[in-house]
Amino acid sequence: MAGDESGTDAEFMTSAMLKAYAHPLRRRIIRLFSRHDHLRAADIAAELDVPANSVSFHLRALADAGLISEAPEHARDRRDRVWASIKGPLSVGGPERPVADEALGGAVLAGIVDEHRALLERVAAWAPEYLTGRTAEVHGSFTQRTIRLTEAEFEVAMEKVNDVLDAAQKGHDPEDPAGRHWQIDLLAADDTI
């Protein structure tokens, strides 16, 4: 399920979180936090090329929803407002905790699907360069595999995938100049949908 980190201790999003996360600019801001430990409104505005006053408004909405918090330990002075993202995976909902507002959950899901589609299109636009040998540098991946598993086996497999990704991230040297940010969308569906 989009937004569900199967096999991990994902926090379920509150209605306030869903409402804040449904906005496309706020999702872009949250993704930006995955690249930085902390940010200021001016940093976000410059990187996303949006007005700083708009960013400040959206940062307050994200903070009110509990998706980010102030990080005064990184402030240069008392007037400097610095923000940090909450850590850990978030889940839109599921059988053990259904989404309270189905329309809002649907809006968040639609936004996640649009972003997944955009990622797939970026990789597809780059792939011919790699497939034809015009570049040897890896910028994406298309992997498709079909396997037969029970639901429980699938959940264990996804947990192991998340464990491998967590270990890779923890083992990365953040000072390595060759480091790049990778958006990883794992897409899986069984033969019943």
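Laboratory data are not the source of any read-out in this text; all were calculated from the coordinates shown. Since we're looking at a predicted model, the values are computed, not measured. Ideal geometry is used to build each Cβ from the backbone, glycine not excepted, and the neighbour counts take in all protein chains shown.
Just rank Trp126, Trp182, Trp83, fewest to most, by other beta-carbon atoms within 10 angstrom.
On the way: Trp126 15, Trp182 12, Trp83 24.
Placing the least packed residue first, the sequence is Trp182, Trp126, Trp83.
Calculate for the chain the 222 nm mean residue ellipticity that helices alone would give, adding -39,500 (n - 2.57) per DSSP H run of length 4 or more and normalising by residue count, nearest 500 deg cm²/dmol.
Rounded to the nearest 500, it is -15500 deg cm²/dmol.
What are the lysines whose alpha-carbon lies under 25 Å from the alpha-carbon of Lys19, with same-chain residues fewer than 8 places away excluded?
Those lysines meeting the cut-off are Lys87.
If we count other beta carbons within 10 Å of each Cβ, what is the order of Leu187, Leu119, Leu67, fewest first? Could the numbers behind the result be given before it?
Values: Leu187 10, Leu119 15, Leu67 23.
If I rank by nearby Cβ atoms, fewest first, I get Leu187, Leu119, Leu67.
First check a/c for segment 139-180, with a ≥ b ≥ c the square roots of the eigenvalues of its C-alpha gyration tensor; if it is under 1.5, answer rounded, and if not, answer prolate when a/b is larger than b/c or oblate otherwise.
Values: a/c = 6.84, a/b = 1.89, b/c = 3.62.
Cα axes put segment 139-180 in the oblate bin.
Amide H neighbours of Ser91 under 5 Å, counting only residues 5+ apart in sequence or on other chains, H built in-plane at 1.01 Å?
Amide H neighbours of Ser91: Glu11, Phe12, Met13.
If each residue's Cβ is checked for other Cβ atoms within 10 Å, how do Glu153, Glu159 rank with the fewest at the top?
Numbers: Glu153 11, Glu159 14.
Least crowded to most crowded, the residues run Glu153, Glu159.
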